[in-house]
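The values are calculated or read from the model by the stated rules, or taken from the named source; none is laboratory data. If you're wondering where the values come from, they're calculated on a predicted model, not measured in any experiment. No Cβ is skipped: glycine too gets one built from the backbone with ideal geometry, and neighbour counts run over all protein chains shown.
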Amino acid sequence: MLLCAGFGTRLGALSDERPKPMLPVCDVPILRYGIAHLVAHGIRDIVINTHHRGDVIRDDLGDGSRLGARVRYVHEDVLLGTGGGLKNALALLDPDGADEPFVSMNGKLIFDVDLGALLATFAADPGVLGMMVVRPVPDAEAWGAVDVRPTGPGARLRIHDILGQGAHMFCGVHVTRPSVVARLPDGDACMIRQGYLPWLRAGEPVAAFVHEVGYFAEHSTPARYLASNWAMLDGVPLTAAPGELRGVDPAAEVAASAVVREPVRVGPGASIGAGAVVGPYAVVGAGAMVEPGSVIERAVVWAKSRVTGDVRDAIVTAAGVMSVRPD
């Protein structure tokens with residue numbers, strides 16, 4: 001299940017146009033990165049919950065067949081939280097009552113986690129309620145620290161505490177079973193606060209899977225969103241890229257006197273006018289127009305948007321230009 005029902009309030013006006021999982025990174029929606037990653041690991045049955053601008057998600061993905069997946073949707077008229085959203089979708093996640101484990105992933109992530117290893121580790125650790133993917137970070141408490149300790153036979157990694165002290169952060173991905181999710185209270189519920197945390201304190205086991213190698217990005221602020229675009233332009237390795245992420249698409253129109261400075265991504269149907277300078281670190285989405293003489297540097301231009309003048313450290317949408325300062 002890909003959790004996609006949040007508002008994205010820290011993104012400001014950007015989330016008025018698109019829900020956070022549909023923000024384009026190198027002209028490809030974030031959600032398509034997650035689906036490509038799942039499909040590459042053999043996970044093709046995908047459930048997506050929606051709320052704010054769910055129409056944008058449905059219109060882009062459809063039934064998922066173009067992406068090699070079968071996508072089904074459950075809409076939340078009222079936000080239900082990370083746990084309530086899962087419980088509300090149990091009829092799709094467990095249609096035959098087999099109680100098979102499933103992966104829950106936050107839809108705002110581009111995360112190159114080894115899902116095969118995660119599922120194998122979960123299968124080898126029977127009795128745990130779930131397995132949370134965590135990563136060591138120096139500012140863990142700012143992310144809601146997770147205390148991870150080796151425990152029991154074979155020194156298996158267990159979660160000792162959450163939202164207290166610890167050296168790890170929760171990455172927004174975990175494996176659990178429908179029967180565990182069914183224990184959550186009805187309605188709005190957080191998988192951590194109303195689930196794993198009270199269960200831990202009652203002595204029930206929750207396991208950890210430590211992710212230390214591979215790309216991880218969440219996109220809750222404009223600065224983080226831009227940084228992820230630059231990482232893709234730099235060619236960060238991914239197990240499964242959702243499309244072409246760098247270079248000038250053959251279907252783009254670039255004037256002979258325009259200057260393109262790598263790294264860039266110029267999408268199909270985009271138009272770069274005479275004397276314009278694009279890059280370094282610039283994304284021009286499909287069908288976007290860069291007016292003659294304009295300069296774009298460290299900026300992302302969404303599809304079908306228009307740029308006039310000098311634009312740096314900014315995000316350009318059909319609604320206007322958002323200047324971005326580092327977090």
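List of remarks:
- When residues of the range 212-243 are limited to those that are among the hydroxyl-bearing types (S, T, Y) and farther than 15 Å from D112 by Cα, the one surrounded by the most Cβ atoms within 10 Å (Cβ to Cβ): Y225
- Among the candidates V180, V146, V175, V134, the residue that is hydrophobic (A, V, I, L, M, F, W, C), buried (at least 17 other Cβ atoms within 10 Å of the Cβ), more than 22 Å from the chain's Cα centre (by Cα) and at pLDDT 95 or above is uniquely V180.
- Residue within the range 95-112 that is acidic (D, E), farther than 29 Å from G54 by Cβ and in contact with a Pro (Cβ under 9 Å, 6 or more places away or on another chain) present: no
- R58 being in the same structural domain as F170 (by TED's automatic domain parsing), without any contact (Cβ under 8 Å) to a residue 60 or more places away in the chain and in a helix (DSSP H, G or I): yes
- Count of the range 66-93 residues which are of a type in the set (G, A, S), farther than 14 Å from M1 by Cα and in contact (Cβ under 8 Å) with a residue 40 or more places away in the chain: 0
- Qualifying position, being in contact with a His (Cβ under 8 Å, 6 or more places away or on another chain) and in contact (Cβ under 8 Å) with a residue 40 or more places away in the chain, among V47, V28, V113, V39: V113
- Here R18 fits the description: surrounded by fewer than 22 Cβ atoms within 10 Å (Cβ to Cβ), within 22 Å of L245 (Cα to Cα) and out of contact with any Phe, Trp or Tyr (no Cβ under 6 Å at 6 or more places or on another chain).
- Unique residue being crowded, with 16+ Cβ neighbours inside 10 Å and more than 17 Å from V25 (Cβ to Cβ) when the list is V260, V266: V260
- When restricted to residues that are in a strand (DSSP E or B) and in contact with a Lys or Arg (Cβ under 9 Å, 6 or more places away or on another chain), the range 29-55 contains 6.
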